[in-house]
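Colleague: I'd like to ask some things about the structure below.
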Amino acid sequence: MTLFHFFNCAILTFGPHAVYYSATPLSEYDTLGTSVKAAVVYLATALVKLVCLATFLQVSETEVFDPYQEALKAMIGFIDVAGLYYALAQLTHRNISQNHKFQAVGLGWAFADSVLHRLAPLWVGARGLEFTWDYVLQGLEANANLVFTISLAALGSLMWLRKNKPKSLIPIIYTCAIIIATMPSITSYLKRVMGWHFPKIVGFEIATSLVMAFISCQLFIFCQRPSL
Amino acid sequence: MAEEKKSKQRHRVMVFESMYPILALMLILVACVELCDAATVVDVYRLIQYDISGVPFGSRFSSLNHHAASLSFQRGADLSRSVLILPLRELDIAFVQDYISQKQSLGGLLILLPQTFRPGNVGGGSLSSENDGFRSLLGQLEKLLVHGNVPFPVYFAFENEETDAMLADVKKNDALGQQATATTGGYKLVISVSEPRKIASPTITNIQGWLPGLRAEGDSSQLPTIAVVASYDTFGAAPALSVGSDSNGSGVVALLEVARLFSVLYSNPKTRGKYNLLFALTSGGPYNYEGTQKWLKSLDQRMRESIDYAICLNSVGSWDSELLIHVSKPPDNAYIKQIFEGFSNVAEDLGFQVALKHKKINISNSRVAWEHEQFSRLRVTAATISELSTPPELLENAGSLSDTRQLVNEDAIIKGVKLVAESLAKHIYGHQGKEIKIFADDSSLAVNPFYVRSWLDLLSQTPRVAPFLSKNEPLIMALKKELEDYTAEVSVQHESLDGSFTFYDSTKASLNIYQVASVTFDLLLLLVLGSYLIVLFSFLVITTRGLDDLISLFRRPPSRKVKMG
């Protein structure tokens, strides 16, 4: 209710991005440009996804889980991965180490995602008189999304930018990347078929994001070993 | 290698530590998840607001923006910024009277009525004893509210699941002593409606139908006329709910059925009687039968003088074994005797009783209790057939909240129709004293119960307070069309309501119920979020730059002082 609540939800949704930028060495190396470029790539990707969804998907009246529609949505979701690949691999960045490149790209990507998907509902809804937990949950979801995106960027940089990887870890890397990339489909499956409510889904997302972050962190550290 | 292991261990510890604020937040979430209600919207109906000769009555306010409170509030608490929610079951008349008469400040009053009183709700006559208790309580409440000047907005609403849930919540909070205010959260009731305005020139509409009798060839004298009159408008505490099934929906239905029967008889010249029939649906009934008076005055004098007698129908829907005929001429008057004899003979045949009641007209008193008194003041013989034994007070018994469809018994109306029709027919065709039943059941002139039922159902769903009916209101058009079907000539007369009654609009509104969180909750959330961000910041600094960097952020480098010195 009112602007106070809006302010609270806004700092929950967008605060971690700013904190991440300032707390990690990203701010020291001034990687803002990379993040901005990643955000622009995200915008372009979102536009392409929108056009594809509008062209190929049928809007269903009821909340029925249609496997074909969901498979189609998942395939269109891979456009996301392609966009991330472009941002990581193809764009020219200033000379920053890989360690920081994926973090900056992931940060910019996640920030653009939050702003695009969550700012408008927040502005319109959280200022009303009626109090709901929805916007707090949405902010938590934004946090989970940040962790997911950074993990995905880490795995992406492992997949595309690092040439010498231990053979045994490659399938694990790809599996984790696929799991993260198909998170939207998984959550929609949970929502429609299992009938989970929003708080449960957000809790699940947060837990999964932490697990994924941990795994990708471990993988990254493992892969860094041979170069030492 | 050892350093890496240490950093990994620290990393793991940090991961677990960072989960704590998230766990805490989730615990709060799980504990408070039941507050996840969306805003609800309920239809509410406002108490009537009117003036009589400038003296204000009813509720003068309409908009509402306060927190909800229930009867379990702590004694002595200040309710001037709260809306009191009162279900009918827990109504305490004395309590409400306190608040009205002593002008104690109250933000508003919301009265919740059981669903059985909803217009259009036909079923549910099972708990009739409970309903009777409710009806009498509702009657007392209405009397109090309608005749008093209420300094706060009063609204009526029907109970449903959402209001029940909200009321239970509010009661629980009140019992704990946490009355809803800006700092403690709770429910907020908002009705945003503009200031009620005076209704500029309220009109009352009379509809009359003329069924001419058989005039013999070469006979130029005026045939005598018999009039059947009923007033169709209502008045109640909540004008949007004032459907008046018994007062006077039953009278209107009876009049329409009698008109239908006689139109069948009169359609064939062989069975047309030597009396004209005049059917009138008048308005302005609750306001001293103003419509009837104006209609009579507008009649041609010759026509008025040709009226043999007039029968007024008022509330004939819920009687059992006795119907009353009210007159203002003394009972030993020859005309009255004749009329009464005719009616009581027919009643005997039909198996019930009629009784005669005489009430003298007091010319100095402007109160007109029965419709026939307006006729008597213009020297036309008239009587009112009603189930009521005492004359209703001003603005009483004219369509109160408890006067719903369930109160009316179709059979009572049918018996009344038979009584009126047979008695009129005996008088018209000169069959007094003979054992002839013209409108017998199973004949083509039988009273049609489906007709009675359908019109009764329609009237029980249409609020009919006269100032709120426009000139071309669908109901008025429907009544006019109905009379056109049965009579030869229909005329509609529009008059304006007497200046001493003033009405104000805004009778229906939407109530928005918001669940609001208190300011302390917002502050708490801010605190939690602030600490979460700080923890996140520290965690990230420690993992990516090392613990020393974090400590160095807070400690000024001591070397500067040395340099400057």
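Colleague: Provide a single number: the residues in the range B:83-93 that are open to solvent by less than 60 Å² (accessible area, probe 1.4 Å) and free of Cβ contacts under 8 Å to residues at least 40 places away in the same chain.
Modeller: Residues meeting the conditions: 2.
Colleague: When the range B:513-531 is examined, which residues are found to be within 7 Å of chain A (Cβ to nearest Cβ) and either among the acidic types (D, E) or surrounded by fewer than 18 Cβ atoms within 10 Å (Cβ to Cβ) (or both)?
Modeller: Across the range B:513-531, the qualifying residues are B:D522, B:L526.
Colleague: Please specify each residue of the range B:137-164 satisfying the condition of being part of a helix (DSSP H, G or I) and touching a residue at least 12 places away in the same chain (Cβ under 8 Å).
Modeller: B:L137, B:L138, B:G139, B:Q140, B:L141, B:E142, B:K143, B:L144, B:L145, B:V146, B:E162, B:T163
Colleague: Looking only at the range B:287-303, which residues are open to solvent by 10 Å² or more (accessible area, probe 1.4 Å) and on the phi < 0 side of the Ramachandran plot?
Modeller: The answer is B:E290, B:Q293, B:K294, B:K297, B:S298, B:L299, B:D300, B:Q301, B:R302, B:M303.
Colleague: May I ask you to verify whether A:Y42 is within 25 Å of A:A126 (Cβ to Cβ), modelled with pLDDT of 75 or more and of a type outside the set (A, V, I, L, M)?
Modeller: yes
Table: residues versus (1) away from every other protein chain (no Cβ under 14 Å); (2) buried (at least 16 other Cβ atoms within 10 Å of the Cβ); (3) in contact with an Asp or Glu (Cβ under 7 Å, 6 or more places away or on another chain).
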| site | (1), (2), (3) |
| --- | --- |
| A:A154 | no, yes, no |
| A:P166 | yes, no, no |
| A:I170 | yes, no, no |
| A:T182 | yes, yes, no |
| A:S188 | yes, yes, yes |
| A:K191 | yes, yes, no |
| A:G195 | yes, no, no |
| A:G203 | no, yes, no |
| A:S209 | no, yes, no |
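Colleague: Within the range A:15-33, which residues are open to solvent by less than 20 Å² (accessible area, probe 1.4 Å) and either among the hydroxyl-bearing types (S, T, Y) or touching a Gly at 6+ places or on another chain (Cβ under 6 Å) (or both)?
Modeller: A:T24, A:T31
Colleague: Which one is surrounded by the most Cβ atoms within 10 Å (Cβ to Cβ), of the residues in the range A:105-137 that are within 13 Å of chain B (Cβ to nearest Cβ) and in a helix (DSSP H, G or I)?
Modeller: A:L107
Colleague: Still on this structure: Taking the residues in the range B:532-543 that are more than 7 Å from every other protein chain (Cβ to nearest Cβ) and surrounded by fewer than 19 Cβ atoms within 10 Å (Cβ to Cβ) as candidates, determine which candidate is farthest from B:F156 (Cα to Cα).
Modeller: Of everything passing the filter in the range B:532-543, B:T543 is farthest from B:F156 (Cα to Cα).
Colleague: Can you name the residue in the range B:3-36 that is modelled with pLDDT under 65 and open to solvent by 90 Å² or more (accessible area, probe 1.4 Å) and is also farthest from the chain's Cα centre (by Cα) among such residues?
Modeller: B:L27
The values are calculated or read from the model by the stated rules, or taken from the named source; none is laboratory data. Here the structure is a predicted model, which means the values were calculated and not measured. Cβ sites come from the backbone with ideal geometry, for glycine too, and all protein chains shown count toward neighbours. These accessible areas exclude ligands, DNA and RNA; they are computed on the full protein's heavy atoms, side chains included. Shrake-Rupley method; radii C 1.70, N 1.55, O 1.52, S 1.80 Å.
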